[in-house]
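Working notes for the structure below.
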Amino acid sequence: MTSTRLQKLRSQFDALRIDAFLVTFLPHLRYLSGFSGSNGLGIVTANAAFFLTDGRYADQVKDEVKGWKVFITPGSLFEEAHRRKLVQAGMRIGFDGNTLIFDQVLQLKKMFPKVKFLPKADTVEKIAAVKDEGEIDRITRAVGITDRVFFEILPFIKPGMSELDLAAEISYRQRKHGAEADAFETIVASGERGALPHGRATAKKIRHGELVTLDFGCVYEGYHSDLTRTVAVGKPKAEAKKIYAIVLDAQTKAIETSSSGMKAKVLDAVAREHIRKHGYDKFFRHSLGHGLGLQIHEPPRISVLSTATLETGNVITIEPGIYLPGFGGVRIEDDVVIRNGGCEILNRSPKELLVL
Ligand code: ZN
Ligand code: ZN
């Protein structure tokens with residue numbers, strides 16, 4: 001599995017005009033090597049793969065990292081690479097410019113003055129955007145935990161409960177059902193706060209008659225889930241019902257049309273156009289969705305500006321919303337796998353407006 005991933009990376013070397021790739025960002029390292037620890041360095045050349053870490057992981061690498069030559073060192077991983085001569089003068093080495101720390105670049109340049117280090121953004125992400133079935137299984141497990149928690153917390157949501165209290169209950173239950181962590185800080189945005197697309201839970205108490213947007217997810221074996229549902233606590237106002245129906249139709253249309261070969265920006269436009277027809281487009285100001293995997297946000301981006309084309313095996317979110325300042329908001333989000341001729345929806349949480 002990881003050897004196919006290394007082959008995919010190596011097959012990019014010519015186009016990127018590099019002889020090797022330096023991997024420091026942990027999700028990339030995990031994707032390429034299987035390593036789930038917190039300190040590691042990978043150097044992938046045309047015919048070798050070197051993995052460096054410290055003594056805490058000496059046992060773990062034996063289980064996780066196969067097909068790489070492993071070096072354990074108590075000191076700096078860069079210094080160890082230098083001491084072992086893993087990198088030679090004259091080499092052109094690519095690295096992920098989005099994640100390598102500036103100070104580390106300076107260290108590398110000083111340590112290897114005859115090597116050219118070249119930032120190559122999104123190299124690993126583009127490979128990782130197409131998931132294999134093992135990865136899709138893990139995402140499905142993460143989604144299953146999140147769906148179960150959504151179902152379980154519905155009876156807890158009552159007027160007088162704070163957003164923080166609800167967020168804590170979500171977090172606790174995800175762990176209880178086998179999640180390693182929350183995928184991101186849980187969003188609970190009630191009433192007027194629902195107009196904030198990223199309203200993290202606060203001490204605000206949920207009141208009768210409000211909409212509550214819950215956006216949360218978890219991590220299972222490194223892979224993320226991401227779910228949003230908006231529920232009504234008590235009878236919703238007419239405009240709340242109206243915008244809910246528009247968002248749900250926009251989301252359903254986007255899901256029904258998504259398929260491999262489709263341009264991501266065309267998919268974004270399907271949902272946006274529906275919302276525009278109803279006059280609410282200026283209240284939908286974020287992108288339609290994002291790729292999901294070892295990171296919570298990864299390619300392909302589903303936005304107006306995206307240049308991506310959807311491929312079989314992409315796992316993406318579809319999450320349109322309408323946010324009315326001073327009133328509140330609605331967002332509905334599912335995780336889907338792009339397949340030939342369509343997509344597979346991973347979430348099972350109900351989508352009709354639930355009135356609690
Ligand atoms: Zn989300
Ligand atoms: Zn999302």
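Data for the structure
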{"read-out": "Every pair of residues 6+ apart whose Cβ atoms lie under 7 Å, when the first sits in the range 277-296 and is away from ligand 1 (no atom under 16 Å from the Cβ) while the second is part of a loop (DSSP other than H, G, I, E, B) and open to solvent by less than 10 Å² (accessible area, probe 1.4 Å)", "value": "294/222"}
{"read-out": "Matching residues, the range 161-187, being within 20 Å of the chain's Cα centre (by Cα), in a helix (DSSP H, G or I) and more than 13 Å from ligand 1 (Cβ to nearest atom)", "value": "167, 171, 174, 175"}
{"read-out": "Cross-chain or 6+ apart pairs with Cβ under 6 Å, the range 315-332 first and assigned by TED's automatic domain parsing to the domain that holds residue 230 and open to solvent by 10 Å² or more (accessible area, probe 1.4 Å), then within 15 Å of ligand 2 (Cβ to nearest atom) and modelled with pLDDT under 95", "value": "323/197"}
{"read-out": "Subset of the range 273-299 (residues that are among the basic types (Lys, Arg) and more than 16 Å from ligand 2 (Cβ to nearest atom))", "value": "276, 277, 282"}
{"read-out": "Some residue of the range 231-245 being outside the structural domain of residue 36 (by TED's automatic domain parsing) and within 16 Å of ligand 2 (Cβ to nearest atom)", "value": "no"}
{"read-out": "Elements of type strands (runs of 3 or more DSSP E) in the range 222-330, at least 3 residues being not aliphatic (A, V, I, L, M)", "value": "227-233, 289-291, 298-302"}
{"read-out": "Top-ranked residue of the range 198-218 - restricted to ones that are away from ligand 2 (no atom under 16 Å from the Cβ), of a type in the set (Val, Ile, Thr) and open to solvent by less than 20 Å² (accessible area, probe 1.4 Å), ranked as farthest from the chain's Cα centre (by Cα)", "value": "206"}
{"read-out": "Residue under evaluation residue 185, criteria (1) surrounded by 16 or more Cβ atoms within 10 Å (Cβ to Cβ); (2) under 21 Å from residue 26 (Cβ atoms); (3) of a type in the set (Asp, Glu), criterion not met", "value": "(1)"}
{"read-out": "Pair list, Cβ < 6 Å and 6+ apart or interchain, from the range 6-17 residues that are among the acidic types (Asp, Glu) to residues that are crowded, with 17+ Cβ neighbours inside 10 Å", "value": "none"}
{"read-out": "Out of 86, 41, 32, 26, sole residue that is of a type outside the set (Gly, Ala, Ser) and touching a Phe, Trp or Tyr at 6+ places or on another chain (Cβ under 6 Å)", "value": "86"}
{"read-out": "All positions within the range 201-221 that are of a type in the set (Val, Ile, Thr) and within 16 Å of ligand 1 (Cβ to nearest atom)", "value": "212, 213, 219"}
{"read-out": "Residue that is surrounded by the most Cβ atoms within 10 Å (Cβ to Cβ) [pool: residues in the range 34-82 that are closer than 24 Å to residue 223 by Cα and among the acidic types (Asp, Glu)]", "value": "64"}
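The values are calculated or read from the model by the stated rules, or taken from the named source; none is laboratory data. In this text the structure is predicted, and so the values were computed from the model without any measurement. No Cβ is skipped: glycine too gets one built from the backbone with ideal geometry, and neighbour counts run over all protein chains shown. The area values use the complete protein model at the heavy-atom level, side chains included, leaving out ligands, DNA and RNA. Shrake-Rupley method; radii C 1.70, N 1.55, O 1.52, S 1.80 Å.
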